[in-house]
Amino acid sequence: MLYVGGILFMLVGLGLSIGLHEVGHLLPAKLFGVRVGQYMIGFGPRVWSKRIGETEYGFKLLPLGGFISMSGMYPASKSTGPASGIFRSLIQDARSANNETIAEGAEDRVFYRLPVWKRIVVMLGGPLMNLLLAIVIFTVLVSGIGVQQGTTTIASVSQCVLPAGSTATECAPDDPTSPAAEAGIQPGDVLVSIDGTPVSTFAEATAIVQASPGKPLDVVVRRDGDEKTLSITPIAADRKLTDASGQPVRNAEGDQIVKTVGYVGMGAQMGFVQQPLSSGPEMAFDSVGRVATLIVNLP
């Protein structure tokens, strides 16, 4: 049942994306006075349609694309003789079919008579609508729901400092006590500020700690509703680097990067952290850039 629901959800989402893409073409075309005979989502047999004004709106059986039918997509051919060759014949057939969409008395409401800049606006309207849709979706996801990453709530405190890459699960008697345990930080504490700098994510706290090996830091935590100030001195330790979401940071060879940084030995509780509203557009444009790079680098 979930499988069927997933397929239906995908088809609805695909149809919505296609429909909005075609709206991106439809609105500027109508704004510039072009006669639009049809606005259709899908291909194949017509499932439903309704004429509103001069435009027929409808759905077809296969939601794998869509189109709007604008009058005069192609200018008249300069050649007066019969078409010769398969490609010229196809072009002539396309012109002839499109000429049938030009209604009597609306000869001046054709696409090819628009100034070049207006034609460009009409043609780019669809992709721009998809970009706007991507921005809205990304903004809802990252700013409304949030991105899973470390929060300022402490989930665990290491009792000792283990070497980078160690597989030990328990502390040995000669292992040094971790700075976090020595300072009295406890699971459930909520970080408020470090060294006078307010922190709202664990990534911000980690950046301050890693940049301060050997430097005493005042750490303000909220515990049981009260704020406490603790003193902690990060030690210099080799640690495998991770990003804000806890994923390994790797070099060009694919190996996780190990760096000497400040370390205190505390882990964050994971949760969904809402991002700034600017994150949605940034992710959308980043996706566009990645796709463009992929296309350019195709063999």
Of the residues in the stretch 273-284, those that are surrounded by 14 or more Cβ atoms within 10 Å (Cβ to Cβ) and either touching a residue at least 60 places away in the same chain (Cβ under 8 Å) or within 14 Å of G144 (Cβ to Cβ) (or both) come to V273, Q275, S279, G280, P281, M283, A284
Answer residue from the stretch 40-63, given it is free of Cβ contacts under 8 Å to residues at least 24 places away in the same chain and among the aliphatic types (A, V, I, L, M) and is surrounded by the most Cβ atoms within 10 Å (Cβ to Cβ) among those
V47
Test result for T201, within 21 Å of Q274 (Cα to Cα), touching a residue at least 24 places away in the same chain (Cβ under 8 Å) and among the polar types (S, T, N, Q):
yes
Mind checking which residues of the stretch 103-149 are assigned to a loop (DSSP other than H, G, I, E, B), surrounded by fewer than 16 Cβ atoms within 10 Å (Cβ to Cβ) and on the phi < 0 side of the Ramachandran plot?
A103, E104, A106, E107, D108, P115
Hits in the stretch 244-258 - residues which are out of contact with any strand residue (DSSP E or B) (no Cβ under 6 Å at 6 or more places or on another chain) and in contact (Cβ under 8 Å) with a residue 24 or more places away in the chain:
G246
Would you tally the residues in the stretch 1-44 being over 22 Å from L128 (Cα atoms) and touching a strand residue (DSSP E or B) at 6+ places or on another chain (Cβ under 8 Å)?
3
Against the condition under 26 Å from the mean Cα position of the chain (by Cα) and surrounded by 18 or more Cβ atoms within 10 Å (Cβ to Cβ), how does A268 come out, does it pass?
yes
Among (1) surrounded by 14 or more Cβ atoms within 10 Å (Cβ to Cβ); (2) touching an Asp or Glu at 6+ places or on another chain (Cβ under 9 Å) - the single one R239 does not satisfy
(2)
Test: T293 is loosely packed, with under 13 Cβ neighbours inside 10 Å, hydroxyl-bearing (S, T, Y) and in a strand (DSSP E or B)
no
From the set of residues in the stretch 1-39 that are small (G, A, S) and not in a helix (DSSP H, G or I), which is surrounded by the most Cβ atoms within 10 Å (Cβ to Cβ)?
G37
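Readers should treat all values here as calculations from the given coordinates under stated rules, not as data from a laboratory. Because the structure is predicted, anything quoted here is derived from the model rather than measured. Note: ideal-geometry Cβ built from the backbone for every residue, glycine included; neighbour counts use all protein chains shown.
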